[in-house]
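Beneath this line is the structure, given in structure tokens, with notes to follow.
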Amino acid sequence: MRLPWNRKYLEIGFHVILTAGVLVLLGAVAFHLSGAKNVILKTARHVLAVFAPFFWSVGIAVVLEPLVAFWQGFYEKRITERQKLRVKNRRVGTGVTYLIFFGVVALLIWGIIHGVGTADLESLAQQTGDFVRQAGDWLVLLQLKLAEYGLLQNAEGILTAAVTEISTAIENGMLRVASALPEAGGQILNIAIGFAAAFYFLAEKENVQFFLGQVSNVFLGQKRTAMISRFFTEVYQVVMGYLCGQLVDAAIMGVLFAGTFWIIGIPYGIIIGIFSGFSNLIPYFGAAVAFFLAVLSGLFSSDPMRAVYAAIAILLLQQLDSAVIVPRVVGSRVELHPVLVLLSLAVFGGFFGFWGLLFAVPLGALLKNLFFRLYEQKATKYRGF
């Protein structure tokens, strides 16, 4: 017996199988959350490692696109209409952007090298030696005081355990640094390839967009292509808003750190403050950098109490940044309420750690937009009834 062909039944069967697969996948994730998270992270790291040059090129192109558009428009306003007809790409704007970017990077590197080169290295070495000898004297005095109370044996055991742990930590740190050197070389190569590819993506933006649009129309259709285009446009707006907000936050924190360290009297406080502020582009990483550099510089200064003042100031400024500056500055750029910013940081940071903190705000903004879009669709259908 030959069954009649019915495309509608085939579509229903396909949707049933797809729904069952999604439910099974969600159930597996729900019952094995830690294992699923490890698999997802491992797969993501492998994909990032394989396609690292491509991701670098896309990221660089996204970040530099506003500057390229600005300089290309600035150039085209100053040429005749006849000359504009011969402009087939944006190489002028891209070239100017690359020159400015690498010029600024070169100036920053030169400033850091110049600042370090003019430092009194002999005085720094002498201060380091004095600090080590003073720390040794403190330990001797501590042992003598403990011996007076009959606690020397316990103190020796505690000190021995502490020295062993510190030695092990230093050894492990050196091994990690040594193992990371080959990876660092590979990352530098990936970044170099990314900048080279991003130059052509930026210069040939219209051609690339046209080609991708044609391919998508052929394989997916015009309706899905328009939907995908709207999605990526929204992602781009959220990401750029987040990056602009992070830059503003980094600039504010750089000024606050630099001014605070200068008032306290931390050696090289302005340089440390600016570097720490822009390290704040990675959430909580800037605070760790500021704490380490400022406290270390304060310990090696003429007044070690400056390290204590710097530590207290960093803790207060970090609380100000987390509770006020990031929710208001970054949240306003991505149109995300300060409460949702804090919740996004808490949720994504709890699930995915460092990378969750790094992408928490843009992911939270995208989820918020998706929720309200679905809400509007459902509300429109509801009103239609």
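Checking the stated criteria, LEU357 turns out to be in contact (Cβ under 8 Å) with a residue 24 or more places away in the chain, within 28 Å of VAL239 (Cα to Cα) and not charged (D, E, K, R). Of all the criteria given as (1) farther than 28 Å from SER344 by Cβ; (2) modelled with pLDDT under 80, the one not satisfied by GLY259 is (2). Before we move on, is TYR375 open to solvent by 80 Å² or more (accessible area, probe 1.4 Å), under 30 Å from GLY265 (Cβ atoms), part of a helix (DSSP H, G or I) and of a type in the set (Ser, Thr, Tyr)? No.
Filtering the range 73-88 for residues that are assigned to a helix (DSSP H, G or I), exposed (fewer than 13 other Cβ atoms within 10 Å of the Cβ) and among the small types (Gly, Ala, Ser) leaves a non-empty set. List the pairs whose first member sits in the range 237-266 and is aliphatic (A, V, I, L, M), whose second member is open to solvent by less than 30 Å² (accessible area, probe 1.4 Å) and not in a helix (DSSP H, G or I), and whose Cβ atoms are under 6 Å apart, counting only residues at least 6 apart or on separate chains? Within 6 Å, the pairs are VAL238/VAL334; ALA250/ASN280; MET253/ASN280. Each residue in the range 192-246 was checked for being within 30 Å of LEU345 (Cβ to Cβ) and surrounded by 16 or more Cβ atoms within 10 Å (Cβ to Cβ), and 10 of them qualify.
Close Cβ contacts (under 6 Å, 6 or more residues apart or on different chains) running from residues in the range 46-63 that are farther than 17 Å from PHE232 by Cα and at pLDDT 80 or above to residues that are of a type in the set (A, V, I, L, M) and part of a helix (DSSP H, G or I) comprise PRO53/ILE193; TRP56/ILE191. The set of residues in the range 71-102 that are in contact with a helix residue (DSSP H, G or I) (Cβ under 7 Å, 6 or more places away or on another chain) and among the polar types (S, T, N, Q) comprises GLN72, ASN89, THR94, THR97. Apart from one condition, LEU320 fits all of (1) at pLDDT 80 or above; (2) over 21 Å from MET240 (Cα atoms); (3) open to solvent by 90 Å² or more (accessible area, probe 1.4 Å); the exception is (3).
The values are calculated or read from the model by the stated rules, or taken from the named source; none is laboratory data. Predicted, not measured: the structure shown is a model, and the values here were computed from it. Every residue, glycine among them, receives a Cβ derived from its backbone with ideal geometry; neighbour counts consider all protein chains shown. The area values use the complete protein model at the heavy-atom level, side chains included, leaving out ligands, DNA and RNA. Shrake-Rupley method; radii C 1.70, N 1.55, O 1.52, S 1.80 Å.
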